1. For region 108-172, give the percent of accessible area contributed by carbon and sulfur heavy atoms, probe 1.4 Å, rounded to a whole number.
2. Could you derive backbone 3J(HN,Hα) for region 135-152 from the dihedral phi with the Karplus parameters 6.51, -1.76 and 1.60 (θ = phi - 60°), listing whole Hz in sequence and x where the residue is Gly or Pro?
3. If you roll a 1.4 angstrom probe over the protein chains with everything in place, what fraction of the accessible area of region 259-347 belongs to carbon and sulfur, to the nearest %?
4. So who's got an amide H within less than 5 Å of the one on Ser279, skipping anything under 5 residues away but keeping other chains? H placed 1.01 Å off N, in plane.
5. Multiplying the sequence separation of Arg326 and Ala345 by 0.36 nm and subtracting their Cα-Cα distance, what value in nm do you get?
6. Work out how much length Leu195 to Ala172 would gain on full extension: take 0.36 nm times their residue separation and subtract the Cα-Cα distance, in nm to one decimal.
Amino acid sequence: MPKTDDLVGVPGVEAQGGVAVAGVGALRRRRLSRPVAAAFALGAAAVVLTVTGVQWLDEPAVAAWRTVCLAITVQALPFLLLGTVLSGAINAFVPADLFTRALPRHPVLAVPVAGVAGAVLPGCECASVPVAHSLIRRGVTPAAAFAFLLSAPAINPVVLTATAVAFPNSPAMVAARLLASLATAAVMGWLWLWLGKDEWLRAGVRHTGHRHGHSRWSEFRLGFQHDFLHAGGFLVLGAMAAATFNVMVPRSVLDTFSGSPWLSVLFLAALAVLLAVCSEADAFVAASLTGFSPTARLAFLVVGPMVDLKLIALQAGTFGRAFAWRFSGATTVVAVLSSVLIGGALL
């Protein structure tokens, strides 16, 4: 049986009365591992079935589901990897007070500044979730971190360049996407300051910041390992849900809603949530929806990077389900309203 001294250094284990016991963080990790384990189990089962060549897997619908699920996962993994690397580096190497000193002291002013700072992260929503989590654990006010989380995948240079390429004859679409995304991020940050409650956020599941007596590289490795495996499982679950929608909803449904201005906006906003297209590629999908109005396509571009199935799953795994459902619902409403107002003025 391991000694107490040998266990105390393990994250989540504490010494009480000379006995090493699992802390709350360890218990939460054990509970949170179920969805992650389920995702990897389902993924492994899909690989096994594909390799063994089960006949029903050759059915067109099943083949399409498999292709879409794999495409979403492979598309998002590099950016998830980028986000978890940044999160691990922030956790291990960045001084704890750097971000609190860089942002304005007043939370109301810190929110728009953090939103504009989202332009420096060249990744999609998969990368922004672990980075925002790390910022909160480093002392940044949650409202500012959430503004960063929403703006980073929507206004970074890669996304805006892709939007300009996808809409070569409509520079106003790029400006509208930038302004509507920034407005949504700022409003959601301020709404969290006004209505947000700390109990909606799950407590951190791992130590943040460098601990004396531990190698910084060891801290980086452990933090990266936890975040990547944890978020990766929820990413797979979100990709499976999005692939199921892609296969089950016929193309004719899209044409039904394109004729109504309001229904088209709401439908493309819902479609962005369900399709879970990476923000670096969603502009090309929006450009292909030629039957819809420019404002409806703007709603698709603004809502998608902020609320989609894989992002909801990632947020639930990182911050807790109580947060994810409330925040995602409110973000969808604000993003649609911002798109309608700004799209009506510019497009």
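1. Carbon-and-sulfur percentage of accessible area, whole number: 75.
2. 4, 4, 5, 9, x, 6, 4, x, 4, 5, 5, 6, 5, 5, 4, 7, 7, 3
3. 74
4. Under 5 Å from the amide H of Ser279 lie the amide H atoms of Glu125, each far enough along the sequence or on another chain.
5. 3.9 nm
6. 4.9 nm
The values are calculated or read from the model by the stated rules, or taken from the named source; none is laboratory data. Keep in mind that what you see is a predicted model, and the values were worked out from it rather than measured. Side chains are part of the model used for accessible areas, which takes the heavy atoms of the whole protein and leaves out ligands, DNA and RNA. Shrake-Rupley method; radii C 1.70, N 1.55, O 1.52, S 1.80 Å.
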